[in-house]
1. What's the FRET efficiency of GLN182 with SER406 using the Cβ-Cβ distance as r and R₀ = 51 Å, to the nearest 0.05?
2. Can you pick out the pairs among LYS343/LYS619; LYS336/LYS607; LYS175/LYS213 whose Cα atoms lie more than 24 Å from each other?
3. If I compute solvent accessible area with a 1.4 Å probe over the protein chains, what percent of it on the range 276-420 is carbon and sulfur?
4. Setting aside same-chain residues fewer than 8 positions from LYS6, which lysines have a Cα under 26 Å from its Cα?
5. Per residue, how many Å² of accessible area does the range 370-464 show with a 1.4 Å probe?
6. Evaluate the distance, in nm, between pseudo-label points positioned 7 Å from the Cα of GLN79 and of ASP272 along their respective Cα→Cβ axes.
7. Within the range 418-462, whose backbone N sits under 15 Å from a point 7 Å along Cα→Cβ of ALA397?
8. About the Cα centre, and with charges only on the beta carbon of Lys, Arg (+1) and Asp, Glu (-1), how big is the dipole of the range 480-594? Nearest 20 debye, please.
Amino acid sequence: MEYYCKRYRFPKPDIEFSQVAQKSKKGAKKGGVTSWEAVIAVGGRKIGVGSANNKKAAQIRCYLDVTQYLESCDPDLWQDFIHAMPSTDTPDRMAPHLVFQMSDSLNEDIQGLCADIRNSTLHRNAPPANVASEEQTMPTWTGARLARLSMEEHGVKSQYLQDKLQKYRTQPEHKRMRDSRQALPVTSRAQSILDQIDANDVTIIMAATGSGKTTQIPQIILDSYIDKGQGSKCNILCTQPRRLAATSVAERIADERGDRLGGEVGYQVRFDTKLPQPNGSITFCTTGIFLKRMQSSLGVGANPTSVGVMDQITHIVVDEVHERDIDTDLSLVVLKRLLADRKARGIPLKVILMSATIDPTLFQNYFKNDAGIPAPVAEVPGRTFPVEKHWLNETVAELRRNPTASWVFNDRNVADYLARELTPNPELFGPDTGMDLEIPYPLVALYIAHVLKQSDDGHVLVFLPGWDEIRKVAAIMMEGRNLLDVNFQDESKYSIHYLHSTIPAAEQRQVFTPPPKGVRRIILATNIAETSITIPDVVYVVDAGRVKEIRYDPERHMSSLVSAWVGSSNLNQRAGRAGRHREGLYYGLVSHNRYNSLNTHQTVEMKRSDLSNVVMHVKVRELDYMHREDFADRTGFGNGRDRGCPGRHHRTT
């Protein structure tokens with residue numbers, strides 16, 4: 001390839017890697033198994049491709065494919081190459097590639113510069129040949145990082161944002177989107193929410209499902225600054241608990257604003273970054289990325305450059321704050337320290353905590369102001385269509401009567417599960433009971449078939465605890481056994497998709513694009529689909545009622561991953577996914593007795609984890625300034641020694 005490009009004066013070849021799902025001979029996906037694909041392009045033209053189980057093998061096959069292609073086009077080319085390149089010491093050989101590591105900040109700068117170059121229209125300003133160029137005013141706010149602008153530059157950028165927003169508000173092609181946004185409940189409360197945010201350092205927003213809080217609150221804040229002529233001074237950082245939520249919400253907001261990703265809106269998640277233009281922007285990131293950025297922005301060893309970049313963030317929005325995982329709890333501690341640090345230096349910062357299911361008292365008291373007054377709460381009603389809920393004890397009898405489903409109920413795991421879940425004995429529905437039961441995979445597949453059989457349109461969202469469960473349910477659907485005469489292998493009618501953290505992002509994003517006409521989707525997902533993301537045309541939800549949790553056993557000093565029951569608020573959230581577009585149906589594979597026995601919320605992760613792991617989590621993120629008293633719910637620590645805490649001291653040392 002090097003010889004070929006040099007001989008014919010082509011640019012350097014580009015090689016790109018991507019993960020693709022393997023398919024069987026019938027076209028069905030093999031339980032989410034993926035392979036690597038390498039593609040070589042020269043001058044924008046693809047000339048070779050190779051696939052394998054790993055990147056290295058895919059690259060080798062790709063180069064072999066290119067070699068065969070070039071030899072078929074020019075049989076003498078290989079012989080010329082042999083004569084021209086007799087040894088590896090030949091001076092004409094191109095220099096080997098160098099591999100080196102760079103800091104996160106430098107990597108961010110280079111990625112942003114490359115994006116600026118790709119999207120630049122600077123070449124349009126070039127004068128014709130032999131004509132002297134005239135002095136032209138060029139925008140000065142580009143760059144990967146937030147730039148410190150002069151007052152004049154702020155004015156230029158703010159005016160640009162104002163003109164852009166005014167154009168969006170008057171263009172006929174955006175009218176339908178504008179009307180859709182205006183109809184959301186959160187829009188009617190926009191001014192009161194803005195007033196609370198302006199008057200307080202911390203605002204808690206309790207917005208019910210369907211209110212539009214995730215997509216609209218950041219836009220309402222940015223637009224208010226743009227309307228005041230201060231758009232370039234508003235930079236909003238929004239955290240999401242999961243990568244898919246961060247990327248999909250960023251894409252949705254960019255689409256709503258008639259913009260492209262990388263304009264006013266962008267995201268930063270692990271292994272994938274598309275940052276917005278600085279000074280007047282909304283950036284979505286995962287909670288883990290936020291903590292990573294704060295490592296160098298707080299504490300004794302804070303990096304001045306990182307501090308300067310963070311100082312230009314005016315608003316931090318923490319979405320789904322009710323998901324009390326370790327990163328979220330650590331983020332709240334960091335935010336409290338950041339607020340104090342910014343206040344001491346006279347640099348204002350606004351923090352907005354959002355959730356659909358939350359008891360705000362804990363967060364109100366944690367973020368009291370200097371006068372000891374709890375943080376205010378803004379409540380926003382939801383907008384969802386009615387969802388009819390069906391529990392296991394109400395629906396299983398009808399399915400038993402169908403002769404084609406007899407093999408399902410003869411399955412041992414299904415029989416054991418039904419015997420326990422349908423028993424009237426109240427002692428079998430206490431806390432943490434029933435978790436030893438294996439999920440009845442054939443019964444889950446049967447309920448999916450039942451939903452499809454009873455309706456003609458609408459997609460089905462299925463909640464399962466983990467990847468193994470997703471794979472087993474998919475295997476049952478695709479193996480061809482009779483499930484109410486529904487043929488899941490018919491690709492003209494059904495399409496099966498997986499939502500799990502191990503699935504490539506590009507494959508996960510397919511669920512947000514319209515399917516071929518007449519095709520109904522079955523989306524097998526973990527709790528990744530429970531909040532923040534809205535999958536178009538989902539009208540039915542089948543829920544196993546479980547979630548994977550890490551539990552610590554203080555007697556054996558061991559942590560294990562268990563399939564636990566979710567909280568009743570989680571079940572309601574999952575049911576709400578069916579009512580985002582029209583009236584929907586929810587089928588819970590739990591009995592009504594089980595539902596009544598569930599806790600309202602899941603136990604926070606820090607209360608059920610080995611505290612030595614929590615301490616190491618703090619240490620590895622270099623957040624050594626934390627103490628036990630800093631956490632929002634100190635009772636989560638309990639007896640430190642019983643929970644695996646490595647020492648008596650409260651400080652994380």
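1. Working: r = 53 Å, r/R0 = 1.03.
It comes out at approximately 0.45.
2. Values: LYS343/LYS619 26 Å; LYS336/LYS607 21 Å; LYS175/LYS213 21 Å.
Over 24 Å apart, Cα to Cα: LYS343/LYS619.
3. On the way: 3090 of 5960 Å².
Carbon-and-sulfur percentage of accessible area, whole number: 52.
4. The reachable lysines, counting only those whose Cα sits under 26 Å from LYS6, are LYS46, LYS55, LYS56.
5. Details: 4740 Å² over 95 residues.
Value returned for the range 370-464: 50 Å² of accessible area per residue.
6. According to this spin-label approximation, the distance is 5.0 nm.
7. 422-424
8. Details: 15 positive and 11 negative charges, 30 e Å.
Charge dipole, the range 480-594, about its Cα centre: 140 debye, nearest 20.
The values are calculated or read from the model by the stated rules, or taken from the named source; none is laboratory data. In this text the structure is predicted, and so the values were computed from the model without any measurement. As a convention, Cβ positions derive from the backbone with ideal geometry for all residues, glycine included, and neighbour counts pool all protein chains shown. Accessible surface areas use protein heavy atoms only, side chains included; no ligands, DNA or RNA. Shrake-Rupley method; radii C 1.70, N 1.55, O 1.52, S 1.80 Å.
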